[in-house]
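For reference, the structure discussed in these notes is given below.
The values are calculated or read from the model by the stated rules, or taken from the named source; none is laboratory data. What you are looking at is a predicted structure, and each value in this text was computed from that prediction instead of being measured. Here Cβ is always computed from backbone atoms with ideal geometry, including for glycine, and neighbour counts include all displayed protein chains. We work out accessible area using only protein heavy atoms, side chains counted, and drop any ligands, DNA or RNA first. Shrake-Rupley method; radii C 1.70, N 1.55, O 1.52, S 1.80 Å.
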Amino acid sequence: MAGNFDFLKNIDKNLYEIINDAERLYRAEFFEQCTGQTRRFGEKICRNVLGKNRSNEVTFDEMLATLKDKGQGWAQEKEFIDDLYFLKKQGNNSVHADEVKQDGMKALECLQRAFEIGISYAVYYKKANEKILKLRYDTELMITGNKSKKSLSESYLEAKEKAEKNIKKSAKNKKSKMQVTSMKSVPQKSGVPIFWIIVGISLIITIGIILFISF
């Protein structure tokens, strides 16, 4: 089954197996285990990058601190280290949590960051073909084994267009409802209003009394 990390097969088979297992765990909805596996992937890459520069570091945290201290300060390197810290933190949270929290979104973010780490490692540390820098993490490929027919930007634009249509439709329905409501008026009453009937009767009685008194 094809996966997002196939580019690592010929670069580091061990790394490929580790992160490929993480994708399998995600598909099986073992999200915490997936997160822990991405941490393992990050720690292995960190150890590989340090190489001869590694001295007495034992833990992932110690290796990251050394990697950061020996960094050259370029943007890609900073992003690479930040992503490694993210995998370490999420992996630790997953392993040491008191309760199981099957957070699929967090596990997916770990896979995406692991993907960026893998790309940087392959190109900048293993001198792989720079064409792989154009690769983007494909969620559909991870889940189904089939590449998405639409790019991320195309999917975004499609979702945006759909949302705008729904907003316009909702506004149109609301306007139409308001127009119908405003057209409803109080029906006009036919005949003489009771007020004027009372006034008329009172007037007739008054005139009658006056005439009676006069005669």
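Considering only residues that are of a type in the set (S, T, Y) and in contact (Cβ under 8 Å) with a residue 40 or more places away in the chain, which ones fall in the stretch 75-104?
S94
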Item to check | Residue count for the stretch 1-13, restricted to those that are touching a residue at least 60 places away in the same chain (Cβ under 8 Å), in a loop (DSSP other than H, G, I, E, B) and not polar (S, T, N, Q) | outcome: 6
Item to check | Filtered residue count, the stretch 34-72, keeping only those that are within 13 Å of Y125 (Cβ to Cβ), buried (at least 16 other Cβ atoms within 10 Å of the Cβ) and touching a residue at least 24 places away in the same chain (Cβ under 8 Å) | outcome: 4
Next on the checklist: Here are the criteria: (1) free of Cβ contacts under 8 Å to residues at least 24 places away in the same chain; (2) buried (at least 19 other Cβ atoms within 10 Å of the Cβ); (3) closer than 18 Å to Y85 by Cβ. Tell me which single one Y16 does not satisfy.
Outcome noted: (3)
Checklist entry - Which ranges mark the helices (runs of 4 or more DSSP H) fully within the stretch 73-189 that have 1 or more residues being open to solvent by 100 Å² or more (accessible area, probe 1.4 Å), modelled with pLDDT of 90 or more and not β-branched (V, I, T)? => result 75-96, 104-120
Next on the checklist: What's the total number of residues in the stretch 14-54 that are part of a helix (DSSP H, G or I) and either closer than 21 Å to K106 by Cβ or touching a strand residue (DSSP E or B) at 6+ places or on another chain (Cβ under 6 Å) (or both)?
Outcome noted: 26
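With the structure loaded, tell me whether I11 is β-branched (V, I, T) and crowded, with 19+ Cβ neighbours inside 10 Å or whether it fails that test. Explain how you work it out, then say what you get.
Working: β-branched (V, I, T): yes; crowded, with 19+ Cβ neighbours inside 10 Å: no.
Considered against the rule, which asks whether it is β-branched (V, I, T) and crowded, with 19+ Cβ neighbours inside 10 Å, I11 comes out as no.
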Next on the checklist: Report every pair of residues separated by at least 6 positions or lying on different chains whose Cβ atoms are under 6 Å apart, first residue within the stretch 105-126 and without any contact (Cβ under 8 Å) to a residue 24 or more places away in the chain, second in a helix (DSSP H, G or I) and acidic (D, E).
Outcome noted: V123/E130
